[in-house]
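*Asks:* Please read through the structure below; I'll follow up with questions.
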Ligand code: SF4
């Protein structure tokens with residue numbers, strides 16, 4: 001029974017693939033990505049450290065699979081600056097700033113100060129038209145959040161894949177904002193329990 005459960009956990013990478021694919025058909029599925037934001041934080045805040053990263057993260061598994069099983073990774077050591085505190089915390093700050101900006105754009109659409117913008121922004125720079133999706137069944141701000149959130153998820157996946165190819169398979173995990181946040185939470189919990 002236990003063995004069977006482990007096997008299911010080993011296939012969490014499929015959920016990551018399904019999530020990214022669903023966004024192609026209907027951008028509103030991007031809302032499901034909030035689970036990837038909240039579950040790791042809830043697990044860390046409940047004192048289980050980086051269990052999400054170590055066991056449940058589909059993206060981590062996917063990078064592992066692509067890098068090791070599919071041999072897409074050069075398996076080089078990651079440069080030391082990517083491991084440094086200033087880079088990891090700097091990237092987390094940048095990432096969260098972009099997240100808040102995305103929420104602000106959603107608010108602007110909610111308050112009817114601006115119109116729904118139907119595009120995906122890759123690497124916070126390149127706008128990709130995403131006009132084929134039908135968003136008429138929801139309020140424009142709901143769709144705007146989905147476009148923004150999907151952009152973030154796609155961008156972080158692309159960065160993960162680039163770093164997987166250039167360095168070791170799970171090099172993205174070294175500076176992944178979610179990993180940095182759960183690490184910070186775990187450290188502060190450890191200190192407060194001492
Ligand atoms: S560091 Fe990020 S990508 Fe890596 S396992 Fe943790 S949450 Fe997943």
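*Asks:* Can you give me the number of residues within the range 165-187 that are part of a helix (DSSP H, G or I) and farther than 17 Å from residue 88 by Cα?
*Replies:* Here the count works out to 2.
*Asks:* Just for the range 34-56: of the residues that are in contact with a helix residue (DSSP H, G or I) (Cβ under 7 Å, 6 or more places away or on another chain) and near the ligand (Cβ under 8 Å from one of its atoms), which one is nearest to residue 191 (Cα to Cα)?
*Replies:* 50
*Asks:* Restricting the search to the range 116-139, which residues are assigned to a loop (DSSP other than H, G, I, E, B) and within 18 Å of the chain's Cα centre (by Cα)?
*Replies:* 123, 124, 125
*Asks:* Please enumerate the residues belonging to the range 17-33 that are over 22 Å from residue 65 (Cα atoms) and out of contact with any helix residue (DSSP H, G or I) (no Cβ under 8 Å at 6 or more places or on another chain).
*Replies:* The answer is 24, 25, 26.
*Asks:* Residue 155 fails exactly one of the following numbered conditions: (1) in contact with a helix residue (DSSP H, G or I) (Cβ under 8 Å, 6 or more places away or on another chain); (2) modelled with pLDDT of 95 or more; (3) within 16 Å of the ligand (Cβ to nearest atom). What is the number of that condition?
*Replies:* (1)
*Asks:* Using the structure shown, decide if residue 48 is modelled with pLDDT of 95 or more and either touching a strand residue (DSSP E or B) at 6+ places or on another chain (Cβ under 9 Å) or surrounded by 15 or more Cβ atoms within 10 Å (Cβ to Cβ) (or both).
*Replies:* Judged against the criteria, residue 48 is not a match.
*Asks:* Considering each of 181, 98 in turn, give the residue that is surrounded by 12 or more Cβ atoms within 10 Å (Cβ to Cβ), more than 12 Å from the ligand (Cβ to nearest atom) and within 15 Å of the chain's Cα centre (by Cα).
*Replies:* Every option except 98 fails the conditions.
*Asks:* Any residue at all in the range 73-80 that's at pLDDT 95 or above, under 21 Å from residue 181 (Cα atoms) and within 15 Å of the ligand (Cβ to nearest atom)?
*Replies:* yes
*Asks:* Please verify whether residue 88 is exposed (fewer than 15 other Cβ atoms within 10 Å of the Cβ), in contact (Cβ under 8 Å) with a residue 40 or more places away in the chain and more than 29 Å from residue 135 (Cα to Cα), treating the condition exactly as stated.
*Replies:* no
Residues checked against (1) closer than 26 Å to residue 126 by Cα; (2) buried (at least 23 other Cβ atoms within 10 Å of the Cβ); (3) within 10 Å of the ligand (Cβ to nearest atom):
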| site | (1), (2), (3) |
| --- | --- |
| 147 | yes, yes, no |
| 151 | yes, yes, no |
| 164 | yes, yes, no |
| 169 | yes, yes, no |
| 177 | yes, no, yes |
| 189 | no, no, no |
| 192 | no, no, no |
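*Asks:* Cβ contacts < 7 Å: first residue in contact (Cβ under 8 Å) with a residue 40 or more places away in the chain, restricted to the range 155-168; second residue buried (at least 19 other Cβ atoms within 10 Å of the Cβ) and not in a helix (DSSP H, G or I), any location; separation 6+ or different chain. Result?
*Replies:* As it stands, the answer is 163/171; 164/73; 164/171; 165/73; 168/73, since those pairs meet every condition given.
The values are calculated or read from the model by the stated rules, or taken from the named source; none is laboratory data. Predicted model only: the values in this text are computed from it and were never measured. Glycine gets a Cβ as well: all are built from the backbone with ideal geometry, and neighbour counts include every protein chain shown.
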